[in-house]
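See structure below.
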Amino acid sequence: MKVIKRIVAFIQDPNKALEERLFVLLPMLTEIAVFLVFIGDILCGENILEILILLGTLILNPVIVYVCLKWHKVDTGSSIIAVLVVFVIMPVVFFFGGGPDGGGILWFTYCAIYVGLLVKGRLKTILLFLLFASAAADYAIAWYHPEFIHGHGRGMYYIDSLLSVFAVGIFAYFMILFQNNMYRAESERAMKEASRVEQLNASRNAFFANMSHEIRTPINTILGLNEMILRDEVSDEVKEDAESIQGSGKLLLALINDILDLSKLQSGQMRIVPSQYRTGEMIREIVAMLAPKAKEKGLEFTVNIAPDVPSGLYGDEMRIRQILINVLNNAIKYTNKGKVSLDIHTGRDTGDGLPIIFTVTDTGIGIKKEDMPYLFSAFKRVDENQVHHIEGTGLGLSIVKQLTDIMGGRITVDSVYTKGSVFIIEIPQRVTDERGIEENAGDIHHDTNTGSSYLSSFEAPEARVLIVDDNASNLLVERKLLKSTRVIADEAKSGREALEKTLETAYQVILMDHLMPEMDGIECQRRIRQQKGGLSKNAKIVALTANAGEDHKRLFEQAGFDGYLTKPVSGEELEREVARLLPQELITVKRRDENVLLSTVKWMNLHEHKAHLMITTESVADLPEELIKKYEIGIISHKVRTDRGVFRDGKEIDAKGLLNYLQKEGAYLETSAASVQEHEEFFADMLERAEKVIHIAVSGHVEHSGCKSAAEAAKSFDNVYVVDSAHLSSGQGILVLEAAKMAKKGFAAEDIIKQLEILTPKIHTSFVTGSLKYLIRAGQVGAVYGGFLNSLMAHPVLVMKNGRIKMSGIYFGTNEYAQEAYMKREMRRMQNADKGTLFITYAGMEADEILRIRKLVSSRVKFDNIYMVQASPAISANCGPKTFGFLYRK
């Protein structure tokens, strides 16, 4: 009995692996089923061999289970039992248990369930196949050789069948019962775990919120009183110490905010709270905060704004501000010399809102390619060896990425290590004021205090303000921060004292703490509004609290507060909020210093706009200069190395001069694509001119291809897409031209790449060569094979197929004969070509030869545009003189 209890406990133990529990359950059920049949067979006088097999099963089954569990070989044990069942037990039970007329046929179902549940991997499929094959073979033998079956009488058949029904039925019942119980238990456990995680998240968020509140209160005192020191006329040493305290306090505050935000993002509690806001005011506040930091480091800090950026937008201004401050702050931190800039312009309205595009560019340390995948990971600081001396936690960019995603935007990064980085943030916003921001420049050029001695933004000596806070240090800080405005500031240390003062005095503004003993700020605000005989019912009440976050902001808005400030509060923030709420007739504006913003913010001219997309390629794409200029195609040069030096393909050496040089005995030549580093520098330059780049490379399967180098370099840039053209020369150029046309029409990069994939197999690229010795030198043709063909005056026709150079035919004889034969063949094929553009690309041919080819083609086939293009030096050197080809769209 104890053994059975232990087995049942083992099967029900959720801490045991499912495989182990099934491995015990199925053999146990098998034991019960086999025991029933074994007893029935003895009582009915069944065949002795069948009885012995059943007895062996009863003994061997638990032994295998015990040994395999002890040695942790569950998979092995399951396979052994399954093999014995399929190849030994089932055939014996079938032939000695009456065959198709016995109860054994029901056991095939049992075997299939057993193998399906216990056996793993490929062996499961094999055993199931063998089981069904065995069953089919057993039935075939019984049909053709019934003498092999030990038959049953009618009575025995009924008994055997009934016992088998009971046995297999019990097995199936308990198996399904176990599965249901297991699923129910797992479901309950998952629900409990989900509830536990939810409670844990709630507890964690409550802890972070509480810690944030408790830390903000003393920081408010530290930063507030420290700001008063900075306002006073003090020695340089004291001022330097105070500035260090201010910087450290703000860093600690930023850390608290980051941890709180990350906690909300991870628990899914971060909410986007859209509202109307003025674009210029947001930019002004960001510039006022960060320009002094850049100036301290000796960095040039500029903001370039497209004049058509809308003045009024609808979105979560606070989160956009947080994203920009985080990215700009990082740029300033990691830049030691040079500049940091913020460019702002709009994208194309796709119906989901107008994309506002913020581009942050710096000349800092850059980001390594291998670090790019981890850039937005929480708690991960890339290139730790280089940045260990720079303050930070590694949370900022992770929060930026998640906030951008939540708002339906995207952030991309382009960076060259040691050269700098470009962060592009695109966030869709609804437009509430379509007037361009330049028309409302006053939103940006507003009051800013940059003088050496502090000057308040306003004075209001007749205004009365009540400060309500149970913390004496907070009362002291807030009163001192308002001192220079000359407002009459009264204090109340509790909600009850505040009600006593509002009953007797009319206040214009009340600064109300939230968490106070006896009566909290929300209740106090409600009572002031309803106070019978009170003189401050219409006062503007601002929540000034250490409870930060959008949820608290919404709480105070719903409660009827007129404003919301979080501790620690700066003097500028406090002055701005009080000035906003005071009656304007009580205010005298004192400060209108715009120097910092006027020197920082610049308006973009239309020609200064970056292009949305730029197409680039290699010099070997063999495009006419007129098309390169028309479509503003970026070109990176291949390199030609001779014994006279290294030259840039097409810029520092021409094809004719190079071919003449190669006629000399012992002339040395080597061509190569640009290196990874050169591609990185090229892409960085192109991204100065465009937001995105599609680079169309020569086929990656040809010698000296730049495709691999370009793809490796593109890993440093989120906005560079490398496309393998699967062609070379002007075949590659046709793809470049089509992409450039689509880019001009405003196609998205992803759509252009899809179109290029469709177009690539439709491009026809073929050449007839003048001499094989140049192809042999370039390694395109084997020396022995090529030398033999060259001795026969062979002129191969080369075509591009699946990105590789293939030989599609050979002409023997003079150059003139080979050229004529090639043209006749190609012009027949051109009848079915797209008649838009034909490139006739050549190397080392005279003017009369070129004219002859053009006239012949023009007389036979009509194309809208025919371009005669001299192949680049790198292409010419590899194919040799008297080579030309037809390249067009099929």
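The values are calculated or read from the model by the stated rules, or taken from the named source; none is laboratory data. Computed from a prediction, not measured in an experiment: that's the story for all the values here. Please note: Cβ atoms are built from the backbone with ideal geometry, for glycine as well, and neighbour counts cover all protein chains shown. To get the accessible areas, we keep the full protein, side chains included, count just its heavy atoms, and leave off ligands, DNA and RNA. Shrake-Rupley method; radii C 1.70, N 1.55, O 1.52, S 1.80 Å.
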Checklist entry - Within the set of pairs 6 or more residues apart or between chains, which connect a residue that is on the phi > 0 side of the Ramachandran plot inside the stretch 558-569 to a residue that is hydroxyl-bearing (Ser, Thr, Tyr) and surrounded by fewer than 18 Cβ atoms within 10 Å (Cβ to Cβ) with Cβ atoms less than 6 Å apart? => result none
Checklist entry - Is it the case that some residue within the stretch 28-48 is in contact with a Leu (Cβ under 6 Å, 6 or more places away or on another chain), over 20 Å from Val119 (Cα atoms) and of a type in the set (Phe, Trp, Tyr)? => result yes
Next on the checklist: Criterion first (under 38 Å from the mean Cα position of the chain (by Cα) and surrounded by 11 or more Cβ atoms within 10 Å (Cβ to Cβ)) does Arg189 satisfy it?
Outcome noted: yes
Checklist entry - Given the residues Lys744, Lys773, which is the only one that is exposed (fewer than 15 other Cβ atoms within 10 Å of the Cβ) and either over 23 Å from Gln663 (Cβ atoms) or modelled with pLDDT under 85 (or both)? => result Lys744
Next on the checklist: Take residues that are closer than 30 Å to Phe376 by Cα and tell me which of the strands (runs of 3 or more DSSP E) falling wholly in the stretch 631-736 contain 3 or more.
Outcome noted: 690-697, 720-724
Checklist outcome for this item: Exactly one of Ile344, Ile286 is in a helix (DSSP H, G or I), closer than 27 Å to Ile272 by Cβ, out of contact with any His (no Cβ under 6 Å at 6 or more places or on another chain) and open to solvent by less than 50 Å² (accessible area, probe 1.4 Å), and that one is Ile286
Next on the checklist: Condition first: touching a residue at least 12 places away in the same chain (Cβ under 8 Å), within 22 Å of Leu130 (Cβ to Cβ) and open to solvent by 60 Å² or more (accessible area, probe 1.4 Å). Can you find one or more residues in the stretch 54-67 that meet it?
Outcome noted: yes
Checklist outcome for this item: Looking across the stretch 37-52 at residues that are of a type in the set (Val, Ile, Thr) and open to solvent by less than 40 Å² (accessible area, probe 1.4 Å), the single one that is nearest to Val168 (Cα to Cα) is Val37
Checklist entry - If you scan the stretch 603-630, which residues turn out to be without any contact (Cβ under 8 Å) to a residue 60 or more places away in the chain and part of a helix (DSSP H, G or I)? => result Leu606, His607, Glu625, Glu626, Ile628, Lys629, Lys630
Item to check | Where Val234 falls short, out of the listed (1) open to solvent by 40 Å² or more (accessible area, probe 1.4 Å); (2) assigned to a helix (DSSP H, G or I) | outcome: (2)
Checklist entry - When the residues of the stretch 782-822 are filtered to those that are touching a residue at least 12 places away in the same chain (Cβ under 8 Å) and under 44 Å from the mean Cα position of the chain (by Cα), which remaining residue is least open to solvent (accessible area, probe 1.4 Å)? => result Gly803
Item to check | Residues that are in contact (Cβ under 8 Å) with a residue 40 or more places away in the chain and among the aliphatic types (A, V, I, L, M), drawn from the stretch 203-246 | outcome: Ala209, Met211, Ile215, Ile219, Ile222, Leu223, Leu225, Met228, Leu230
Checklist entry - Among the candidates Leu123, Leu117, Leu127, Leu84, which residue alone is assigned to a helix (DSSP H, G or I), of a type in the set (A, V, I, L, M) and crowded, with 20+ Cβ neighbours inside 10 Å? => result Leu127
Checklist entry - For the stretch 454-480, how many residues are surrounded by fewer than 20 Cβ atoms within 10 Å (Cβ to Cβ) and β-branched (Val, Ile, Thr)? => result 0
Checklist entry - Within the stretch 705-712, is even one residue under 25 Å from Ala611 (Cβ atoms), touching a strand residue (DSSP E or B) at 6+ places or on another chain (Cβ under 6 Å) and open to solvent by 30 Å² or more (accessible area, probe 1.4 Å)? => result yes
Checklist entry - Looking at the stretch 685-697, is at least one residue in contact with a Cys (Cβ under 6 Å, 6 or more places away or on another chain), under 29 Å from Lys754 (Cβ atoms), open to solvent by less than 10 Å² (accessible area, probe 1.4 Å) and not β-branched (Val, Ile, Thr)? => result yes
Checklist entry - Here are some conditions: (1) open to solvent by 70 Å² or more (accessible area, probe 1.4 Å); (2) assigned to a helix (DSSP H, G or I). Gln322 meets all but one. Which one does it not meet? => result (1)
Item to check | Restricting the stretch 257-277 to residues that are open to solvent by less than 70 Å² (accessible area, probe 1.4 Å) and over 26 Å from the mean Cα position of the chain (by Cα), the residue that is modelled with the lowest pLDDT | outcome: Ser275
Checklist entry - Of the residues Val569, Val578, which is part of a helix (DSSP H, G or I), of a type in the set (Val, Ile, Thr), at pLDDT 85 or above and more than 26 Å from Phe886 (Cα to Cα)? => result Val578
Checklist entry - Gly392 versus (1) open to solvent by less than 50 Å² (accessible area, probe 1.4 Å); (2) farther than 24 Å from Pro310 by Cβ; (3) at pLDDT 85 or above: which is the lone unmet condition? => result (3)
Checklist outcome for this item: Those residues of the stretch 481-507 which are within 15 Å of Glu575 (Cα to Cα) and either under 50 Å from the mean Cα position of the chain (by Cα) or surrounded by fewer than 20 Cβ atoms within 10 Å (Cβ to Cβ) (or both) amount to Leu481, Leu482, Lys483, Ser484, Thr485, Arg486, Ile488
Next on the checklist: As an exercise: evaluate Ser536 against (1) buried (at least 24 other Cβ atoms within 10 Å of the Cβ); (2) over 22 Å from Glu462 (Cβ atoms) and give the number of the one condition it does not meet.
Outcome noted: (2)
Next on the checklist: Give me the residue from the stretch 828-845 that is over 12 Å from Leu887 (Cα atoms) and in contact (Cβ under 8 Å) with a residue 40 or more places away in the chain and, out of that set, least open to solvent (accessible area, probe 1.4 Å).
Outcome noted: Ala843
Item to check | Checklist (1) open to solvent by 20 Å² or more (accessible area, probe 1.4 Å); (2) among the polar types (S, T, N, Q); (3) farther than 18 Å from Gly803 by Cβ applied to Thr671, failing item | outcome: (1)
Checklist entry - Taking the stretch 289-342 only, how many residues are without any contact (Cβ under 8 Å) to a residue 12 or more places away in the chain and within 24 Å of Gly408 (Cα to Cα)? => result 0
Next on the checklist: With the condition being in contact with a Gly (Cβ under 9 Å, 6 or more places away or on another chain), I'd like the strands (runs of 3 or more DSSP E) fully within the stretch 457-544 carrying at least 1 qualifying residues.
Outcome noted: 464-468, 509-512
Next on the checklist: Of all residues being over 35 Å from the mean Cα position of the chain (by Cα) and crowded, with 16+ Cβ neighbours inside 10 Å in the stretch 428-442, which is modelled with the lowest pLDDT? Just the residue, please.
Outcome noted: Ala441
Checklist entry - For the stretch 395-427, what are the residues that are open to solvent by 20 Å² or more (accessible area, probe 1.4 Å) and in a loop (DSSP other than H, G, I, E, B)? => result Met407, Gly408, Tyr417, Thr418, Lys419
